[in-house]
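The values are calculated or read from the model by the stated rules, or taken from the named source; none is laboratory data. Note that the structure is a prediction, hence the values are computed from the model and not measured. Keep in mind that these areas ignore ligands, DNA and RNA; they rest on the heavy atoms of the full protein, side chains included. Shrake-Rupley method; radii C 1.70, N 1.55, O 1.52, S 1.80 Å.
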Amino acid sequence: MMNAEINTIWIDLNEELYHFILSKVKDEQTSKDIRQEVFLKIETKIDQPKHTSKLIG
C-alpha cells in the first residue's frame, strides 16, 4: 500500500480510534501508545493478506 493511502487511513481514523481506546483503557498516554501500535501494524501488514484462499471467489 502506498504511503498516501496509509496517511488517508490515519487522517480518517486517528481521533476516532484514540477516543475508542481511551474509553477502554482510561489513560491518555496508554491510549496514544496503543493507537500508534495499531497504525504501525497496519503499515507493516496491510499488503500481506492472511488468508489468500478467501480472496478467490
Straight-line reach from Lys41: which aspartates and glutamates fall under 19 Å, measuring Cα to Cα and dropping same-chain residues less than 8 apart?
Glu5, Asp12, Glu15, Glu16, Asp33
Round to the nearest 10 and report in Å² the accessible area of Lys26, as given by a 1.4 Å probe over the protein chains' heavy atoms.
150
